[in-house]
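Data first, discussion second: the structure below is written as structure tokens.
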Amino acid sequence: MMILAPITAVGGTILAVRQDASMTIILAVALPVVAAVIALVAWKGIPLFQTVQAKLDRVNLVLREKLTGIRVIRAFDRLEHEAKRFDTASRDLTDTYIKVNRIIAVMIPAMLLIMNGVTLSMLWLGAIRIDEGSLNIGNLVAFMQYAMQILFSFLMFSTMFILIPRAQAAADRYNKVMEATPQIADPKNPLHAVEAGYVEFRNVTFRYHGAELPAVNHISFSAKPGETTAIIGGTGSGKSTIVNLIPRFYDPEEGEVLVDGVDASRLTQEELRAKIGFVPQKAVLFTGTIAENLRLGNPAATDEEIAHAAEVAQAADFIDAMKDGYHTVLAEGGSNLSGGQKQRLSIARALVRRPEIYVFDDSFSALDFKTDAKLRAALKKETAQSTVIIVAQRVGTVMDADRIIVLDEGHIAGIGTHKELLERCEVYREIVSSQLSKEELA
């Protein structure tokens with residue numbers, strides 16, 4: 001329509017001139033006015049439609065936060081505050097929509113006024129020319145038809161400006177997403193790992209985008225197959241950052257993260273992550289059955305393998321107690337399960353994959369001490385040939401590890417066994433003394 005409108009207008013103008021060139025002065029006056037109306041609509045409308053899109057996003061954001069945080073809102077008695085917040089965002093959007101609709105409401109009558117004015121002008125001037133004998137009625141009717149064809153083309157052209165700004169705003173947002181370049185990319189000439197399950201950090205420093213200080217600074221350690229490496233430290237010390245560098249969710253600012261003897265950035269992401277069974281700090285489950293969630297890491301896993309992984313993860317009991325067992329359908333995000341149940345299913349999902357490297361990012365925090373102890377004992381047998389890296393807050397979870405890395409504000413404060421660190425690492429002693437009694441330490 002955008003292309004046809006100008007072509008139709010040009011064709012109509014040529015035919016109108018052939019009928020009576022002197023009457024085209026009416027079109028010469030009317031067409032600039034039409035063009036001015038269209039330009040005014042475009043000038044006012046395009047920015048407003050872009051603003052509408054941004055304010056619509058704001059309404060969606062407030063509504064989403066209100067729905068997802070409804071329990072917190074109720075707990076702190078903030079229902080009225082959130083209602084006002086949503087009302088403010090809605091009114092802001094409504095006011096902008098009113099401005100847009102006012103422009104549209106002015107444009108259509110303005111175009112019709114110009115068209116009717118042109119018609120009256122042509123009838124008036126045509127009547128004078130017919131009275132003079134210089135124009136016949138047939139030519140006047142033909143001229144009016146061509147003139148209406150021209151003006152209707154501009155009317156169609158102007159109505160497109162109602163749709164174009166909205167489409168342009170949506171297209172810009174779409175293009176931003178589609179044209180975004182991933183920061184983590186596969187190398188052009190990837191290498192292939194030879195060793196199995198070996199992880200090494202060599203003088204690694206990393207800072208998050210926009211941060212003034214590095215999250216981790218000059219980190220060096222190694223983790224070998226058949227060993228359990230634990231990472232412990234205070235909140236914000238960089239524990240999760242370290243394990244997120246292993247599957248290459250981020251690239252280090254300095255240093256190297258080696259997996260199976262090869263810099264992780266020299267491996268393809270598919271090959272690298274196929275070696276890792278990652279259990280995130282926040283258990284993430286998807287809508288579907290329990291079996292489908294456990295097969296996420298290994299679609300070819302048999303029912304026996306799934307059941308075995310669930311048993312090791314101490315999840316078999318509560319799964320069997322469900323009416324449909326492994327065919328029980330989980331709600332969005334696993335909201336029909338407790339935090340401990342979700343964590344155990346996440347651990348079972350990693351076990352089903354049977355990777356070379358297991359990474360547990362504070363994956364035992366929602367478990368009671370008894371279940372935690374049973375799960376770690378079962379894991380030790382199951383992962384005897386694999387590299388195990390555990391991030392934890394509780395000393396009881398890490399004290400049996402072959403190697404414990406103590407972090408303090410992004411630096412390594414000490415590396416060693418539980419006994420060695422008690423003797424020579426002040427930070428570790430403080431953590432232990434805050435969690436265990438003197439009798440437990442003895």
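Read-outs throughout are calculated quantities, based only on the coordinates presented, and are distinct from any laboratory measurement. What you are looking at is a predicted structure, and each value in this text was computed from that prediction instead of being measured. Counting neighbours? That spans all protein chains shown, and the Cβs are built from the backbone with ideal geometry, glycine included.
Only lysines eight or more places from LYS44 in sequence, or on another chain, were considered; those with a Cα closer than 22 Å are LYS55, LYS99. Take the alpha carbon atoms of segment 214-257, find their center, do the same for segment 362-400, and report the distance between the two centers in whole angstrom. That distance is 18 Å. When the chain is treated as a GNM with alpha-carbon contacts under 10 Å, the residue of ALA316, ALA180, ALA413 showing the greatest mean-square fluctuation is ALA180.
Considering only Cα atoms, the convex hull volume of the chain works out to 234 Å³ per residue.
Provide the FRET efficiency to the nearest 0.05 for the ARG173-THR417 pair, computing r from the beta carbons and using R0 = 51 Å. Show your work: numbers first, answer last.
Working: r = 54 Å, r/R0 = 1.05.
FRET efficiency, ARG173 to THR417: 0.40.
How would segment 5-179 be classified by its alpha-carbon gyration tensor: rounded, prolate or oblate, with rounded meaning a/c under 1.5 and the a/b versus b/c comparison settling the rest? Prolate, because a/c is 1.5 or more and a/b exceeds b/c. Note on THR88 and GLN149: their simple-model spin labels are 5.7 nm apart, each label 7 Å out from Cα toward Cβ.
Given N residues in segment 170-220, what is its alpha carbon radius of gyration divided by 2.2 N^0.38 Å? If you can, show how the numbers build up before the last one.
On the way: Rg = 17.4 Å, N = 51, 2.2 N^0.38 = 9.8 Å.
Normalised by 2.2 N^0.38 Å, the Cα Rg of segment 170-220 equals 1.77.
Compared with the dominant Cα axis of the chain, that is its longest principal axis, helix 339-353 is turned about 80°.
Starting from the Kirkwood radius over alpha-carbon pairs of segment 270-309, derive D by Stokes-Einstein at 25 °C in a medium of 0.890 mPa s and give it in µm² s⁻¹. It would help to have the intermediate numbers written out before the result.
Values: Rh = 11.5 Å.
The estimated diffusion coefficient comes to 214 µm²/s.
Computed over segment 297-411, the quotient of the alpha carbon radius of gyration and 2.2 N^0.38 Å is 1.11. Largest mean-square fluctuation among LYS239, LYS374, LYS99, in a Gaussian network model of the chain whose springs join Cα atoms under 10 Å apart, belongs to LYS99.
Measuring between their Cα centroids, segment 314-348 and segment 101-152 lie 74 Å from each other.
Computed with the Debye formula from one identical point scatterer per Cα of segment 199-441, without solvent, the log10 of I(q)/I(0) at q = 0.08, 0.16, 0.17 Å⁻¹ comes to -0.31, -1.18, -1.29.
Label-to-label distance, HIS209 versus PHE76, with points set 7 angstrom from Cα along the beta-carbon direction: 2.7 nm. Taking the dipole about the Cα centre of the chain, with the C-beta of Lys and Arg at +1 and of Asp and Glu at -1, give me whichever of GLY255, LEU112, GLY297 is farthest to the positive side. Going by the charge dipole, the pick is LEU112.
If you build a Gaussian network model of the chain, linking Cα atoms that sit under 10 Å apart, which residue out of TYR428, TYR146, TYR250 swings the most? Answer for the Gaussian network model of the chain: TYR146. For segment 150-236, applying the loop criterion from DSSP together with a ceiling of 14 other beta carbons within 10 Å to the trypsin sites (Lys or Arg not before Pro) yields LYS188. Placing pseudo-labels 7 Å out from each Cα toward the beta carbon at LYS282 and PHE318 gives an inter-label distance of 1.9 nm. Here the calculated FRET efficiency for SER335 and GLU271, from their Cβ-Cβ distance with R0 = 35 Å, stands at 0.55, rounded to the nearest 0.05.
Taking the Cα centre of the chain as origin and charging only Cβ (+1 Lys, Arg; -1 Asp, Glu), how large is the dipole, in debye to the nearest 20? Walk me through the intermediate numbers first.
Working: 46 positive and 51 negative charges, 266 e Å.
Dipole of the chain, to the nearest 20 debye: 1280 debye.
Axis of helix 4-19 versus longest Cα principal axis of the chain: the two differ by about 10°, to the nearest ten degrees. Axis angle, to the nearest 10 degrees, between helix 137-178 and the longest C-alpha principal axis of the chain: 10 degrees.
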